[in-house]
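Here is the structure we will look at, set down as structure tokens.
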Amino acid sequence: MSDNILFTADPGKALGSFLAEHQYSSVAVLVDQNSALHCYPLIQNNLPPHHVIAVPAGEEFKQLGTCEKIWQKLTDLHMDRHSVLIILGGGVLGDMGGFCAATYKRGVDFVLVPTTLLSLVDSSIGGKLAIDFHHLKNHIGVFQLPALTLLYSGFVTTLPYLEQRSGFAEVIKHALISDRPTWDAIRKVALKDQPWSHLIEHSVNFKAGVVQEDPKEKGLRKILNTGHTIGHGIETHLLNENRKVMHGEAVAAGIIAESWIASQRKDLLTQNELNEICDYLLRVFGKIDLREADFEKVAALTLQDKKNRGNRILCVLLERIGKPVIDREITLEEVKRALQFYSQLQI
Ligand SMILES: NC(=O)c1ccc[n+]([C@@H]2O[C@H](COP(=O)([O-])OP(=O)(O)OC[C@H]3O[C@@H](n4cnc5c(N)ncnc54)[C@H](O)[C@@H]3O)[C@@H](O)[C@H]2O)c1
Ligand SMILES: [Zn+2]
């Protein structure tokens, strides 16, 4: 699995060498308007003759209509089974472009070149490809590994601050579930001063190791869901209410709420560890405005989490920093109390 993940300081050169080795019949590069502007110029001159396929940026385009346009373009360009699609963009392009490549003519090779922090540390690793379907997120998709995942941390520099911060929540999650020294290093530094290439490498190696052990999410891989049971509930509820927050903001709030349950209801995390988590996450992410009326709705949504069994809410909780435990049952009442705790925190 980790064989086809490559860290590079020069993405153009690395791609050029990969393509020279592989002799594909044709090459297309998938971009959106932002990756076309900020990232494509860094690789353009190293590529052999190629086509560029451009789609609009945004989650709302991660759907069948855009796939049809991509498949049509691949067809118009006469791309055969021995061609390759290079996907240069964030998680939206990676998920959708990978899905298109994995299904076009029963599958052509694709290369992921993730350009957002979230895609560098999370979505480009693990082979999950999907599109949204009628408001159901990641509803249609497949598991398929790319021929190469090329990781260049320099792409992070052109990302808007809020996109950086949103992806940072996954970096923090990976540290909290893997090792205390990394968490300690992260929490002493402000977001803008984080050593990205080092942190990206840590996050990727950690996630790749987990995925290798449990590719189809039967057990261990569930630890990557830390902060997401309640985080997804918050994200979905606020979207339904037209008060959209970014994924990472919701995950940060979810990590705090789930840590409260671990510490105050399950005798896992210590009070000191809970304080450390709350202090740092609030400092970086601020607080989402959640009120009494929201708690019930968020709790009800956590009950619908894909990872549950029957009517029980199963959650990953931290036993201590660096050590998650999976499939811990939590109750609706505990979720509501945790949200109340979150909403009363002082920044
Ligand atoms: N497959 C998985 O395992 C997995 C895991 C987590 C998330 N995801 C998916 O990832 C998606 C979110 O990905 P995302 O956060 O990267 O969003 P995104 O792909 O929408 O990118 C965010 C924004 O940044 C822009 N952008 C990209 N690279 C840039 C750069 N270097 N400089 C400036 N702007 C740039 C994009 O055009 C976009 O406007 C969701 O659809 C989610 O479902 C998938
Ligand atoms: Zn996430």
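The values are calculated or read from the model by the stated rules, or taken from the named source; none is laboratory data. What you are looking at is a predicted structure, and each value in this text was computed from that prediction instead of being measured. No Cβ is skipped: glycine too gets one built from the backbone with ideal geometry, and neighbour counts run over all protein chains shown. Surface areas here come from the heavy atoms of the whole protein model, side chains and all, with no ligands, DNA or RNA. Shrake-Rupley method; radii C 1.70, N 1.55, O 1.52, S 1.80 Å.
Structural remarks
- Residue in segment 73-83 that is more than 14 Å from ligand 1 (Cβ to nearest atom), of a type in the set (A, V, I, L, M) and assigned to a helix (DSSP H, G or I) present: yes
- Search result, residues across segment 325-347 that are hydrophobic (A, V, I, L, M, F, W, C), open to solvent by less than 40 Å² (accessible area, probe 1.4 Å) and within 26 Å of the chain's Cα centre (by Cα): V325, I330, V335, A338, L339
Quick grid of which residues meet (1) assigned to a helix (DSSP H, G or I); (2) crowded, with 21+ Cβ neighbours inside 10 Å:
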| site | (1), (2) |
| --- | --- |
| T157 | yes, no |
| I172 | yes, yes |
| L176 | yes, yes |
| A185 | yes, no |
| I200 | yes, yes |
| P215 | no, no |
| K218 | no, no |
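- Odd one out for E60, checked against (1) farther than 26 Å from E213 by Cβ; (2) touching a residue at least 12 places away in the same chain (Cβ under 8 Å); (3) within 11 Å of ligand 1 (Cβ to nearest atom): (2)
- Residue identified as open to solvent by less than 40 Å² (accessible area, probe 1.4 Å) and not charged (D, E, K, R) among G322, G310: G322
- The number of residues in segment 247-262 being touching a strand residue (DSSP E or B) at 6+ places or on another chain (Cβ under 9 Å) and open to solvent by 20 Å² or more (accessible area, probe 1.4 Å) comes to 0.
- Tabulated pairs, segment 111-134, first closer than 17 Å to A57 by Cα, second basic (K, R) and within 7 Å of ligand 1 (Cβ to nearest atom), C-beta under 8 angstrom, 6+ apart or interchain: I131/K62; D132/K62
- Of the residues examined, D132 is one that is part of a strand (DSSP E or B) and within 16 Å of ligand 2 (Cβ to nearest atom).
- Of residues in segment 228-246 being among the hydrophobic types (A, V, I, L, M, F, W, C) and within 15 Å of ligand 1 (Cβ to nearest atom), the one least open to solvent (accessible area, probe 1.4 Å): V245
- T103 within 26 Å of R221 (Cβ to Cβ), within 15 Å of ligand 1 (Cβ to nearest atom) and either of a type in the set (S, T, Y) or open to solvent by less than 20 Å² (accessible area, probe 1.4 Å) (or both): no
- In this structure, N225 does not qualify as open to solvent by 10 Å² or more (accessible area, probe 1.4 Å) and at positive phi.
- Selection of helices (runs of 4 or more DSSP H) fully inside segment 241-347 by the criterion of at least 3 residues being touching a His at 6+ places or on another chain (Cβ under 9 Å) and either within 16 Å of ligand 2 (Cβ to nearest atom) or small (G, A, S) (or both) returns 247-264, 292-302.
- Those residues of segment 187-198 which are part of a helix (DSSP H, G or I) and among the charged types (D, E, K, R), in sequence order: R187, K192, D193
- Test: residue in segment 194-209 that is without any contact (Cβ under 8 Å) to a residue 12 or more places away in the chain and within 16 Å of ligand 2 (Cβ to nearest atom): no
- Filter result for the condition that a residue is away from ligand 1 (no atom under 16 Å from the Cβ), within 21 Å of A169 (Cβ to Cβ) and among the charged types (D, E, K, R), over R265, R283, R312: R283
- Residue, nearest to S124 (Cα to Cα), within segment 159-170, restricted to residues that are in a helix (DSSP H, G or I) and among the aliphatic types (A, V, I, L, M): A169
- Residue list for segment 275-308, restricted to those being polar (S, T, N, Q) and touching a residue at least 24 places away in the same chain (Cβ under 8 Å): T302
- Considering each residue of segment 114-125 in turn, at least one proves to be within 16 Å of ligand 2 (Cβ to nearest atom), open to solvent by less than 70 Å² (accessible area, probe 1.4 Å) and in a strand (DSSP E or B).
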